[in-house]
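The values are calculated or read from the model by the stated rules, or taken from the named source; none is laboratory data. In this text the structure is predicted, and so the values were computed from the model without any measurement. Cβ placement follows ideal geometry from the backbone for every residue including glycine, while neighbour counts extend to all protein chains displayed. When the accessible area is computed, the model is the full protein with side chains, heavy atoms only, and any ligands, DNA or RNA have been set aside. Shrake-Rupley method; radii C 1.70, N 1.55, O 1.52, S 1.80 Å.
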Amino acid sequence: MACSENCLPVRRWLTFATGLVECLCFAGAVFGWASLVFVLKSEGYFSSLCVNTTGVNGTQALDCRGQDEQFSLVFTIASFMNNFLTLPNGFLFDRFGTTVFVLLKVGNLFGAHRSTVITLYNGAFDSSSALFLVIKLLHEAGVSLYASFLFLSTCSVIHLLRTFFLLPRKFIPYPLPEHYTYGINCGKSNTLRLEQATENDSTQRSIEETPLDMNSPVKQEKSFRECLLSRFFVWHLLWLSVMQLRHYLFIGTLNPMLQRLSAGEPSLVSKYINAFAITQLCGVLCAPWNGLIMDRHKGKPRATGESEYEADLRASVLSLFLTALQCVLFSVCATIPSLPLQYLTFILQVLNRSFLYGGNAAFISIAFPSCHFGKLYGLAMALSAVFSVLQYPCFTLVKDVLDGDPFYVNIGLTLLSLVAFIHPLSVYLHCRKRASQWSKSKAVTASS
């Protein structure tokens with residue numbers, strides 16, 4: 001039986017809401033690592049690596065740097081796999097559609113608010129790191145880790161139900177065709193066939209990327225290889241990698257950093273870890289700001305001769321620049337060894353991370369053909385994951401060479417973060433060049 005048109009808005013909002021819950025409760029839990037480490041330490045994990053030492057004044061102290069190194073290694077592997085597995089998922093998405101890979105493309109259902117929805121989902125992904133805070137509080141109340149993780153595993157059935165009842169079998173086209181329907185109860189009578197909608201998506205994108213000229217041929221889609229070797233993708237990958245490394249090292253070393261700044265006071269460490277986890281919840285509130293920045297031109301008249309593709313690209317420059325600026329400010333605050341200042345560091349960190357991942361997905365969806373979105377997004381996350389493995393040698397350098405003081409490593413990472421400004425500058429120069437070419441072409445046409 002075919003869906004009536006009245007049910008379509010409800011179905012779209014249910015798709016959006018359930019996807020938000022999925023991201024918020026499951027997707028990025030690994031980034032709440034600092035809260036989980038506190039629980040694992042209380043459970044005695046790797047405690048055999050802690051050794052008694054004698055200070056210069058003869059006092060006995062417990063040196064747990066070996067334990068911290070093992071926890072850092074676990075987080076390095078977990079964060080690497082979390083990103084690297086996006087690569088095969090991306091290829092599966094481009095081949096089989098939403099049946100096997102459901103997020104990010106939901107933004108196509110909301111037209112002019114597409115980037116806002118994409119960034120909101122990524123913000124929910126960031127906020128899901130607060131899940132381990134809940135597990136930490138439950139553990140302090142007497143609930144075992146085993147029971148908590150068993151419950152989470154059981155809840156995974158929600159993902160399967162959403163996939164079958166609230167998503168199309170394959171792709172969500174953009175722009176969305178009129179009377180487009182989807183879901184398990186939607187028939188073919190009043191709808192556009194899914195295969196036809198997908199073909200229309202590719203054709204429409206080609207038309208959008210070409211100025212309207214009836215005498216000129218339609219521009220062909222770029223191949224995957226051309227996208228991969230393009231200047232946009234290379235600088236975007238660097239933009240993502242350097243900032244992600246900064247965030248991963250901060251999260252992975254937060255526990256020992258707080259122990260160092262608090263002189264090992266457990267209650268103080270727990271207080272700051274809870275504060276960090278609570279600020280992570282704000283990621284879902286911060287991320288849409290980035291989407292609004294990228295969608296701010298929607299519904300407004302474009303410059304003469306400017307295609308929607310070029311307008312979207314131009315609107316992304318401010319987002320890319322602000323994200324790089326936030327990272328530098330966050331890194332500077334993290335470098336200063338002041339415990340109260342870390343509250344500001346936590347705020348800047350969650351703001352920047354929500355802009356980073358939301359902007360990453362939104363830019364790839366804007367700058368490249370939608371038929372390559374899954375592969376390019378997966379490849380960007382996978383290659384940035386390889387770069388993020390550098391966090392472990394950085395931690396080893398701090399532990400073995402710098403006597404546990406990360407000050408100089410933090411300075412180096414702050415300087416490295418400045419490289420991220422190359423990407424927005426590159427996009428800005430490209431947009432200015434295209435505008436200049438159009439102006440010259442218009443002047444030549446007028447004179448002739």
*Please report, in whole Å, how far the alpha carbons of the stretch 304-352 spread along each principal axis, starting with the longest.*
53, 13, 11
*asked:* Can you give the local net charge around Leu356? Use residues other than it whose beta-carbon is closer than 14 angstrom to its beta-carbon, Lys and Arg +1, Asp and Glu -1.
replied: +1
*So, with a 1.4 angstrom probe, what is the percent of accessible area on the stretch 298-448 that is carbon and sulfur?*
71 percent
*asked:* So with the 1.4 Å probe, I'd like the accessible area per residue for the stretch 215-292, rounded to whole Å².
replied: 44 Å²
*With labels modelled as points extended 7 Å from the Cα through the Cβ direction, what inter-label distance (nm, one decimal) is found for Thr396 paired with Leu150?*
3.9 nm
*Radius, Kirkwood style, for the stretch 275-413 when every pair of distinct Cα atoms is counted (Å)*: 17.3 Å
*Hey, what's the Cα Rg ratio for the stretch 247-340 versus the globular rule of thumb, 2.2 N^0.38 Å?*
1.57
_My understanding is that a pair violates if its Cα-Cα distance is over 26 Å; which of Lys222/Lys433; Lys375/Lys399; Lys375/Lys442; Lys41/Lys399 do that in this structure?_
Lys375/Lys399; Lys375/Lys442
_Alpha-carbon centroid distance for the pair the stretch 360-410 / the stretch 62-92, whole angstrom_ = 12 Å
*Express the relative contact order of the stretch 38-77 as a whole percentage, based on alpha carbon pairs under 8 Å and six or more residues apart in sequence.*
32 percent
_Given a 1.4 angstrom probe, what's the average accessible area per residue across the stretch 321-395, in square angstrom?_
26 Å²
